[in-house]
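Where a number appears in this text, it was derived from the coordinates with a stated rule and is not lab data. Bear in mind the structure is a predicted one, so any value in this text is a computation, not a measurement. Glycine gets a Cβ as well: all are built from the backbone with ideal geometry, and neighbour counts include every protein chain shown.
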Amino acid sequence: MIHAILFGPQASGKGTQSKLLAEALGIPAISTGEMFREQIKRGTGLGKEAEAYMNRGELVPDELTNAIVRDRLSRDDVKKGYVFDGFPRNAVQADALDSLSTINLTLVLTLSDNEIVRRLSGRRVCPNDHIYHTEYKPPRQAGVCDIDGLPLSQRDDETPEAIRVRLRIYRERTTPLIDRYRKQGIPILEIDGSPSIEDVHASVMKAVEAYR
Ligand code: AP5
C-alpha cells in the first residue's frame, strides 16, 4: 500500500502529478492547498482564517493544517493508500503526520526558478481546482474547464511577493524534511519536473513501480 508524500517547489507540478498518480493507483490525492481553497470558496471560518495567510504566501498555522489533515485521514478512502501534495511543510506537521500514519515513500519534483515563473504565469484553475496551463496544458475551449465547464482564472495567491515567500518557505522549512525521511530509511525518489506533463508522469510511475 502506498502512503506517499509528493514534495516540490511551487509550480513544480505537485497538483498535476499527484492527481495523475492517484488516479493510476486508485487512491486519493490529498492536497492541503486544495482543501483550504475549498473552505475559502464555501466561506467557512477556517477558509476566512486561511485566506489571509495564503494570499501572503505564508503557511497556514500548523494547528489548523494538522486538524484538517487529521480529519481527512479519518475517512474510509485512505484505507487503500494516499498521496499527499503540499503536506507536511515543516517539522511540526511532519511530527503530526508521524502520529497519524506511516509514510513509506517520498517523491521530490525538481524545477528551476525560470521554469517556475513560466509555469505560474500560464497557470489557470477552475473553482474546483482542475489545473491548466495556457501553453502547456490548454483547455479545449479557452478560459473554460474541460471537466466542469466553469470559468478558469489565475489563483489569488500568485502575486510576485507571495510567490517569493512561498519559494523561501519551501527551501528553508520544507526541504529539510526530505533529509528527515531519508534518515528514517524511507525511499526518496527524485524526479526531474521539467519535461512534459506526460513524461514526468511516466517517470513518476516508473519510480513507483520500481519501489513496489
Ligand atoms: P498549494 O496549493 O499546495 O501551492 P504550492 O505548494 O505553492 O504549489 P502550487 O499549487 O502552486 O504548484 P504545484 O506544484 O501543485 O504545480 P501545478 O501542478 O499547479 O498551497 C497554497 C497555499 O496554501 C500555501 O502557500 C499555504 O498558504 C497554504 N498551504 C497549503 N498546504 C499547507 C500546509 N501543509 N501548511 C500550511 N499552509 C499550507 O502546476 C503548475 C502549472 O504548471 C500549471 O499550470 C500546470 O498545468 C503546469 N504544469 C505542471 N506540470 C507541467 C509540466 N511537466 N510541463 C509543463 N507544464 C506543467
**OP:** Could you tell me which of rounded, prolate or oblate describes region 8-67, using a ≥ b ≥ c as the square roots of the eigenvalues of the alpha-carbon gyration tensor, with rounded for a/c under 1.5 and, failing that, prolate when a/b is larger than b/c and oblate otherwise?
**Re:** prolate
Original post:
Whole-Hz Karplus ³J(HN,Hα) for region 173-179, in order, using 6.51 cos²θ - 1.76 cosθ + 1.60 and θ = phi - 60°, x for Gly and Pro?
Top reply: 10, 8, 4, x, 5, 4, 5
Original post:
What number comes out for the charge environment of LEU46, summing +1 per Lys or Arg and -1 per Asp or Glu over other residues with Cβ under 14 Å away?
Top reply: -1
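Can you put ASP62, ASP71 in order of Cβ neighbours within 10 angstrom, beginning with the fewest?
Values: ASP62 16, ASP71 10.
Lowest count first: ASP71, ASP62.
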Subject >> Amide H contacts under 5 Å for LEU105, placed H, 5+ residues apart >> reply: HIS3, ILE5
**OP:** Using the structure shown, select from LYS41/LYS183; LYS48/LYS206; LYS14/LYS183; LYS41/LYS80 the pairs with a Cα to Cα distance greater than 30 angstrom.
**Re:** LYS41/LYS183; LYS48/LYS206
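I need LYS206, LYS183, LYS14 ordered by Cβ neighbour count within 10 Å, fewest first. Display every interim value, and only then the final one.
On the way: LYS206 12, LYS183 8, LYS14 24.
Neighbour counts put them in this order, fewest first: LYS183, LYS206, LYS14.
Label region 156-203 by shape, choosing from rounded, prolate and oblate, from the square roots a ≥ b ≥ c of the eigenvalues of the Cα gyration tensor; if a/c is under 1.5 it is rounded, and otherwise prolate applies when a/b is larger than b/c, oblate when it is not.
Numbers: a/c = 3.76, a/b = 1.18, b/c = 3.19.
Oblate.
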Subject >> region 130-212: C-alpha gyration tensor shape, a/c 1.5 cut-off, then a/b vs b/c >> reply: oblate
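Give the peptides 154-162, 16-24, 51-59 in descending order of average Cβ contacts within 10 Å, highest first. Walk me through the numbers before you get to the answer.
Numbers: 154-162: 14.4, 16-24: 20.2, 51-59: 16.6.
The densest-packed peptide leads the list: 16-24, 51-59, 154-162.
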Original post:
Most exposed first by the Cβ proxy, i.e. fewest other Cβ within 10 Å, how do PHE36, PHE84 rank?
Top reply: PHE36, PHE84
**OP:** Express in whole angstrom the spacing between the alpha-carbon centres of region 17-37 and region 126-194.
**Re:** 12
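Hey, what number do you get for the chain at 222 nm if only DSSP H runs of n ≥ 4 count, each worth -39500 (n - 2.57), divided across all residues, to the nearest 500? If you can, show how the numbers build up before the last one.
On the way: 9 runs with 101 residues, N = 212.
One gets -14500 deg cm²/dmol as the mean residue ellipticity at 222 nm.
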**OP:** State the antiparallel share, in %, of DSSP beta bridges confined to region 56-212, rounding to the nearest 5.
**Re:** 55
